[in-house]
Amino acid sequence: MFRFPVQLHQICGPISITVVACLLFFAEDFIGAIFIYERPEIANWQLWRLITGNLLHSNLNHLLLNLLGLVLLWALHGDYYTTRRYMFIFTCCAIATTLGLYLFNPGIYWYVGLSGALHGIFVWGAVVDIQHKLTSGWLLLLGVAIKIGYEQMYGASAVLAEWIAASVATDAHLYGAVGGLMVGVLSIAMQSQNRQKQNGE
């Protein structure tokens with residue numbers, strides 16, 4: 001029987017991101033200017049924007065859509081979450097998203113939203129599924145690969161862009177997913193190495 005992952009260590013991470021994103025949304029008129037991803041400001045070493053830009057949103061629809069994604073990922077892979085692990089993975093995927101945009105998309109001067117980081121968390125969860133020998137992990141990886149490939153070829157839905165009142169940075173989804181894949185693979189490699197050391201002792 002399916003049970004939602006509602007233990008404290010499983011919900012603290014997603015709840016923390018939700019609270020911060022909501023607070024920033026309602027305070028954006030006052031403090032958003034110092035947190036948004038803006039390429040020229042990052043070039044001036046305001047590096048915190050590589051993380052905080054992920055937590056801002058273009059409008060309420062954008063915020064609610066991303067928070068829905070956050071909840072769905074928690075329902076899907078929350079059994080793997082601990083507070084420290086989740087915040088580490090989120091941070092890695094957020095930085096992978098915005099650093100990728102900074103390095104490879106010089107034409108994108110500003111970016112907001114959780115979607116890149118969410119793609120990374122999704123991929124990380126799929127990798128952990130695979131580590132647990134669940135076929136669903138491979139299916140999830142295939143699904144997200146098809147989605148990202150489609151976006152790279154044809155772009156995002158015009159309806160979605162209109163709904164969130166901003167263009168959809170599809171490359172952010174790619175960079176976030178790559179970040180999640182790297183974190184997942186490196187985590188498995190480190191766990192395997194630790195087990196080998198323990199067995200050797």
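The values are calculated or read from the model by the stated rules, or taken from the named source; none is laboratory data. These numbers were taken from a predicted model, which means no experiment stands behind them. Every residue, glycine as well, gets a Cβ built from its backbone with ideal geometry; the counts of neighbours run over all protein chains shown.
Key figures for this structure:
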| item | result |
| --- | --- |
| Tyr102 touching an Asp or Glu at 6+ places or on another chain (Cβ under 9 Å), farther than 16 Å from Tyr80 by Cα and hydroxyl-bearing (Ser, Thr, Tyr) | no |
| Check on Leu50, within 19 Å of Tyr111 (Cα to Cα), surrounded by fewer than 21 Cβ atoms within 10 Å (Cβ to Cβ) and at pLDDT 95 or above | yes |
| Selection count, the stretch 60-95, where residues are outside any helix (DSSP H, G or I) and surrounded by 15 or more Cβ atoms within 10 Å (Cβ to Cβ) | 1 |
| Val168, sole failed condition from (1) over 16 Å from Ile89 (Cβ atoms); (2) aliphatic (A, V, I, L, M); (3) part of a helix (DSSP H, G or I) | (3) |
| Meets criteria (in a helix (DSSP H, G or I) and touching a strand residue (DSSP E or B) at 6+ places or on another chain (Cβ under 7 Å)) for Gly13 | no |
| Residue that is farthest from Gly179 (Cα to Cα) [pool: residues in the stretch 112-143 that are of a type in the set (S, T, N, Q) and surrounded by fewer than 20 Cβ atoms within 10 Å (Cβ to Cβ)] | Thr135 |
| Per-region count, the stretch 2-47, residues surrounded by fewer than 17 Cβ atoms within 10 Å (Cβ to Cβ), under 28 Å from Leu72 (Cβ atoms) and of a type in the set (Phe, Trp, Tyr) | 3 |
| So Gly113, is it of a type outside the set (Val, Ile, Thr) and either part of a loop (DSSP other than H, G, I, E, B) or free of Cβ contacts under 8 Å to residues at least 40 places away in the same chain (or both) | yes |
| Output for the stretch 154-176, where each listed residue is over 19 Å from Glu38 (Cα atoms) and without any contact (Cβ under 8 Å) to a residue 12 or more places away in the chain | Tyr154, Ser157, Ala158, Val159, Leu160, Ala161, Glu162 |
| Test: Tyr150 is surrounded by fewer than 24 Cβ atoms within 10 Å (Cβ to Cβ), part of a helix (DSSP H, G or I) and touching a Phe, Trp or Tyr at 6+ places or on another chain (Cβ under 9 Å) | no |
| Residue, nearest to the chain's Cα centre (by Cα), within the stretch 92-118, restricted to residues that are under 13 Å from Ser167 (Cβ atoms) and of a type in the set (A, V, I, L, M, F, W, C) | Val112 |
| Matching residues, the stretch 3-58, being polar (S, T, N, Q) and farther than 23 Å from Thr83 by Cβ | Asn44, Gln46, Ser58 |
| Count - residues of the stretch 48-87 that are of a type in the set (Phe, Trp, Tyr) and within 15 Å of the chain's Cα centre (by Cα) | 3 |
| Val128 being at pLDDT 95 or above and under 15 Å from the mean Cα position of the chain (by Cα) | no |
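Residue by residue, here is whether (1) within 26 Å of Leu60 (Cβ to Cβ); (2) of a type in the set (Phe, Trp, Tyr); (3) in a helix (DSSP H, G or I) holds:
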site	(1), (2), (3)
Ile121	yes, no, yes
Ser136	no, no, yes
Leu139	no, no, yes
Ala145	no, no, yes
Ala156	yes, no, no
His173	yes, no, yes
Met182	no, no, yes
Gln191	no, no, yes
Asn199	no, no, yes
